1. Which whole-number value in Å² is the accessible area per residue of the range 22-147, probe 1.4 Å?
2. Please report the Cα spread of the chain along all three principal axes, rounded to whole Å, starting with the longest.
3. If you take the beta carbon distance between Arg76 and Ala126 as r and set R0 to 22 Å, what does 1/(1 + (r/R0)^6) give as a FRET efficiency, to the nearest 0.05?
4. With a 1.4 Å probe and every protein chain kept in, tell me what percent of the accessible surface of the chain is carbon plus sulfur.
5. Using a 1.4 Å probe on the protein heavy atoms only, what accessible surface does Trp12 show? Give it in Å² to the nearest 10.
6. Anything over 29 Å Cα to Cα? Flag those among Lys187/Lys228; Lys88/Lys203; Lys54/Lys88, in the order listed.
7. Only Cα pairs under 8 Å and at least 6 apart count here; give the relative contact order of the range 153-225 as a rounded whole percent.
8. State to the nearest 20 debye the size of the charge dipole of the chain about its Cα centre, where the only charges are +1 on K and R beta carbons and -1 on D and E beta carbons.
Amino acid sequence: MVSFLSSRNIIWGGPIVLGKSMDVMEGLLRFYTKNAPSSIYTQVRNLVDTDKYKALFNKYGFEYEDHLTILVDLTRSEADLWKGVHTKRRNQIRRAEKEGCFVEQPHSIEALQACYSILQEVYQRAKLPLPDFSHFESLLHQSDERSGLRLFTVIWEGKIIGCMLCLAHGDWLFDYYAGAYSHFYKKYPNDLLPWAVFCWARKNGFRYFDFGGAGKPDVPYGVREYKKQFGGELVCYGRYERHSYPKLFVLAKFSLLLWRKLKFNLNLSKVFTGK
């Protein structure tokens, strides 16, 4: 029961419909609502504008909410892209290079395993779910020259200390998962990576880089502030959410808030008691 209360279906990217056919779109939604894996809720994380389909989503029980992302136009010159990077980030990119850090784009399963170890530390620290390694392994095996998973790693003294996993499709490159070992933060891998990826993507014919989720409008979000410092434009493609069990969803949400509050109070107690 506890596992089910935390279950969810995440649809990355939203529907892909040839010619934007409304009939096909409705068929997809009808099929999904009848055959979706059982979970508390489904969330569709759009990567493009889906305003045309909003009424159909509503018809099948999906509610829309605003959610931001940041797009970087890679058709600009490298000099213009550099101008868009905040002064602080520019300085830290230079520091990373002075420290001897550089970025590679490996293709091996060994490199992917090293990246996954980094992501495990990052997501455990943030207490967020991370897909099983097999998910990334499958993406790597199914990739080709123009689409699929792309690995970018920061190397320092022969060791991978940071990584960015991107998804390529057509003219677009999408930030998928990224992170660095916390004890190497002073080497600035998280500053070097985005800039190196911009330059690589631009040289390899990509026109846009999607920097991923930037949170809800008007809600403070540190990740958004970090990403904005690399230039790019805030856009709102939003998300759709469908609650398969509305009452259980409310219960699960309340339980999560209660658990976080209890955990915070417990940690606070340890600080003051020294235990």
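The values are calculated or read from the model by the stated rules, or taken from the named source; none is laboratory data. From a predicted model like this one, the values you see are computed outputs, not experimental measurements. Backbone-built Cβ (ideal geometry, glycine too); neighbour counts: all protein chains shown. Accessible surface areas use protein heavy atoms only, side chains included; no ligands, DNA or RNA. Shrake-Rupley method; radii C 1.70, N 1.55, O 1.52, S 1.80 Å.
1. On the way: 7330 Å² over 126 residues.
Ligands and nucleic acids excluded, the figure is 58 Å² per residue.
2. Result, largest extent first: 62, 55, 38 Å.
3. 0.10
4. Heavy-atom surface of the chain belonging to carbon and sulfur, 1.4 Å probe: 56 percent.
5. For Trp12, solvent-accessible area is about 120 Å².
6. Checking Cα-Cα distances, Lys54/Lys88 exceed 29 Å.
7. In percent, rounded to a whole number, it is 28.
8. 1100
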